[in-house]
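Structure first, commentary second.
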Amino acid sequence: MTAISTIAGKSESNPCSSADFQWTQQWYPVAVIEFLDPHKPHSLQLLGKNVVLWRDGAQQWQCFEDACPHRLAPLSEGRVEADGTLLCAYHGWRFDGAGNCTKIPQSQTSELEAQHRANPKSCAIAYPTQEAQGLLWVWAEAGTQGAIESKTRSPRTIPELDDKSGRVVKLFWNIRDMPYGWDYFMENVADPAHVPVSHHGLVGDRDRDAKYYDMPRLREISTQEGFSFGVTQGEGAPIMAAIHDFQPPCLMKITTTFTDEGQLILVLYAIPTRPGWCRHIGTQILVKNTQGKLPPGLGFFALPMPTWFGHILASLFLHQDMVFLHYQERTMATKDRWLDAVYTPNPQDKMTITFRQWLEKRAGGGVPWTGDSQLPPAELNKQVLFDVWHTHTADCQYCQTALKRLQWARVGSYGLAIAILVIAILLESRSLALMQQTSVVSIAFGGRVAISLGLTALGYGIGKLIGLFYVYEFEHAQND
């Protein structure tokens, strides 16, 4: 009850509260810092803008427009130099963390170079950044005004992560680019009714757990602060309270308070990158109760495991509703108005409806994309939608390190299997040649062959695991 009262007491504290929601005057979490390779630039899109993330000589992560001011070549194709500057790969211009040009190699004299570098047109366009709770946050407006406005607001961080009492256990961050829009991600996580059906076998059972419940409103709709809903629980349920709290532009915080086992908090960020795509960053937080007991997490994802293993297993969950959300968005794009196109008679859709009302009436109808705002056509090749490499692994140094080790382990397993088999055959041939074949020799030969087959099977299993770094395919028709 305390948690509900706290949420309900939130007010319009945003300095922009008198106006419509301002999409560019917001902090967006764009990356998990520990997953980024600090030795190279990383390309990204935010609200349709092409940007580049990189770490400067002061060990600070920066965000620039992904275009060199010289000829607009992408800076993400360049490199981070030993002196902590960002080098453009086209003509070698360099930039410091503030965006100032520090070198123009083609200058006739050092005096002319200094003169050209002093011109504001030589500067890269920089966006304010900050680091908080392990995430890199970018303010989506550049320039002097953006620098000033960014200091008036704080990111949508999670207060529980600042708890130093020892009651809070944070599991690994996960990050993934999803082939459907930011709004469809938010609509999906505002809808707990889909979980036992879409995620059958992982979280819930579609035949047993798809039941009626109500969703009472806990916090009234606000342009700048969003809204929240509860989920009623049947008599005898182990859950005391469940709260879905939407905090624009990109946070859905789902708090489940168990009667005897503390709290489970799902932190679900979704960042609008480009039309038809979003970047998801999420984690689970387990809060112990007063007796020190931890709550159950979200399926087996709460079990202790290496971060890279959690990342590849996340596809098992994310891919279960990814394809139909991709197609749903394209179908809905042919309709005039979301609220008129759907039929939502049950109370389980209350929060989804409220989200669409907020988007239509409070947030200008949707994201004001920079550049082309056209939704790309539906991807008919599902294997492209199931791509894990380009949507996660390629930009996660944890997973790339694990992948290299697994590849070596697979080679080593197969190589050792072959070596043991060859030795077994040679020894067996020698025994036959010397007429020394005995039951002991035969047992030894059989043992070596068994070890060789076991190593081969291990190599095969490692190969299947390696495949999850690249593609994971899923079909509901086969999920019994």
Next item on the list: Just add up the charged neighbours of Val342: K/R +1, D/E -1, any other residue whose Cβ is under 14 Å from the Cβ of Val342.
Entry: -4
Notebook entry, point to check: Once the stretch 15-67 is represented by equal point scatterers at the alpha-carbon sites, with solvent omitted, what log10 I(q)/I(0) does the Debye formula produce at q = 0.23 Å⁻¹?
Noted result: -0.92
Check: Among the listed pairs Lys404/Lys464; Lys170/Lys404; Lys211/Lys253, which are separated by more than 19 Å between their Cα atoms?
Finding: Lys170/Lys404; Lys211/Lys253
Check: Mind checking which lysines have their C-alpha under 19 Å from Lys164, skipping anything on the same chain fewer than 8 residues away?
Finding: Lys288, Lys293
Note to self: Full-extension gain between Tyr460 and Leu161, please, as 0.36 nm times their residue separation minus the C-alpha to C-alpha distance.
What the structure shows: 103.6 nm
Item checked: Computed label-point distance, nm, for sites His116 and Asp20 using a 7 Å Cα→Cβ extension -> 4.3 nm
Notebook entry, point to check: Would you list Tyr472, Tyr90 from the most to the least accessible area, probe 1.4 Å?
Noted result: Tyr90, Tyr472
Next item on the list: Give the share of C-alpha pairs in each 5 angstrom bin for the stretch 296-430, from 0 to the last occupied bin, in whole percents, shortest bins first.
Entry: 2, 7, 9, 11, 13, 12, 12, 9, 6, 5, 3, 3, 2, 2, 2, 1, 0
Item checked: Along each principal axis, Cα extent of the stretch 315-356, largest first, Å -> 32, 25, 15
Next item on the list: Sort 261-268, 336-343 for me by packing, meaning the mean count of neighbouring Cβ atoms within 10 Å per residue, highest on top.
Entry: 261-268, 336-343
Note to self: Counting just the Cα atoms, what span does the stretch 173-298 cover along each of its three principal axes? Round to the nearest Å and put the largest first.
What the structure shows: 44, 33, 28
Next item on the list: Taking a cut-off of 25 Å between Cα atoms, list the lysines near Lys103, but don't count ones fewer than 8 places away on the same chain.
Entry: Lys40, Lys121
Notebook entry, point to check: Considering every pair of different Cα atoms, what Kirkwood radius, in Å, is found for the stretch 235-291?
Noted result: 12.8 Å
Notebook entry, point to check: Which percent of the Cα-Cα distances in the stretch 225-338 go past 23 Å?
Noted result: 45 percent
Next item on the list: Compute the semi-axes of the equivalent ellipsoid of the chain, taking the square root of 5 times each eigenvalue of the Cα gyration tensor, and list them largest first in whole Å.
Entry: 43, 36, 21
Check: Which peptide among 103-110, 391-398 comes first, and what is the full order, when sorted by highest mean count of other Cβ atoms within 10 Å?
Finding: 391-398, 103-110
Notebook entry, point to check: Once the stretch 64-150 is represented by equal point scatterers at the alpha-carbon sites, with solvent omitted, what log10 I(q)/I(0) does the Debye formula produce at q = 0.17 Å⁻¹?
Noted result: -0.74
Check: Binned at 5 Å from 0, what are the whole-percent values of the Cα-Cα distance distribution for the stretch 165-212, short to long?
Finding: 5, 16, 15, 17, 20, 15, 9, 3, 0
Note to self: Considering just Cα atoms, how many Å³ per residue does the convex hull of the stretch 134-225 enclose?
What the structure shows: 205 Å³
Next item on the list: Indicate the gyration tensor shape class of the stretch 370-409 (rounded, prolate or oblate), computed on the Cα atoms with a ≥ b ≥ c the square roots of the eigenvalues: a/c under 1.5 is rounded; otherwise a/b larger than b/c is prolate and the rest oblate.
Entry: oblate
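The values are calculated or read from the model by the stated rules, or taken from the named source; none is laboratory data. Since this is a predicted model, take the numbers as computed values, not measurements. Quick reminder, even Gly has a Cβ in these numbers, built from the backbone with ideal geometry, and neighbours come from all protein chains shown. Each accessible area value is taken on the protein alone, full model and side chains, heavy atoms only, with ligands, DNA and RNA left out. Shrake-Rupley method; radii C 1.70, N 1.55, O 1.52, S 1.80 Å.
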